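To start, the structure itself, in structure tokens.
What follows draws every value from the coordinates through simple rules; no lab data is involved. In this text the structure is predicted, and so the values were computed from the model without any measurement. Cβ atoms come from the backbone with ideal geometry, glycine included; neighbour counts cover every protein chain shown.
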Amino acid sequence: MRRYVHHQLMSVTMGVSASAIGALVAFSVVGIPEMDDDYGRWFIQFMFGLSVFAGISGALPFVKHAEVRTFKAAMPLNDPAAVLPGSRVTPRYVVDRRFLLLLLVPSLIAALLWSPWAALFPLTLAVEWLMRAGLAAHWERRHGVLLWRGEVKEQPLGKGQLLYSSPRPGPSSTDIGGPQDCV
């Protein structure tokens, strides 16, 4: 299980990393193109605009496939103590190599064969993921819950289903009337 906000921020990290690596390779091999009529640059600008539009439309509750509707459909987590982080949280899986390669390889091929600006394509995806992370953080704060993404063995709901839990674990059985309280 992973928090939805952390998952989106990990995706942003992968998009920025893939763009940086791809741009370094493409601009080193092909060179930086001039800023006149290059279709690759216009394509990347169009994709940035489309990503911003998609991110904004995800925040609108009347859009059919909006993120806000997905958050409202989240189910409560039966055992929040099983997934809530402890006091010392270490970010595991900050770099997912397979996802990085999935973003890097196609954009690098397009950058080397078509236009060096295509190496920046993962950056356009990162814009939308960053907007989703901000939207989810705002929604979590407003509703006082944490959104989780993933599967729980005890609570099968299907892929893509979001779960929510309280930000603080409830009292455990040792906190309430345990043997240490009987003196």
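Observations on the model:
- Spin-label zone in region 92-121 - amide nitrogen under 18 Å from a point set 7 Å from the Cα of Glu34 along the C-beta vector: 115-117
- The length gained on full extension between Met1 and Leu113, counted as 0.36 nm times the residue separation minus their Cα-Cα distance, comes to 36.4 nm.
- R0 of 25 Å, Cβ-Cβ distance His138-Leu102: FRET efficiency to nearest 0.05: 0.30
- Here the spin labels are modelled as points 7 Å beyond Cα on the Cα-Cβ line, and at Trp42 and Met75 they lie 4.9 nm apart.
- When each of the peptides 27-33, 125-131 is scored by how many other beta carbons lie within 10 Å of its residues on average, the order from highest to lowest is 125-131, 27-33.
- Close amide H partners of Leu162, meaning residues 5 or more places away or on another chain with modelled amide H under 5 Å apart, are Met75.
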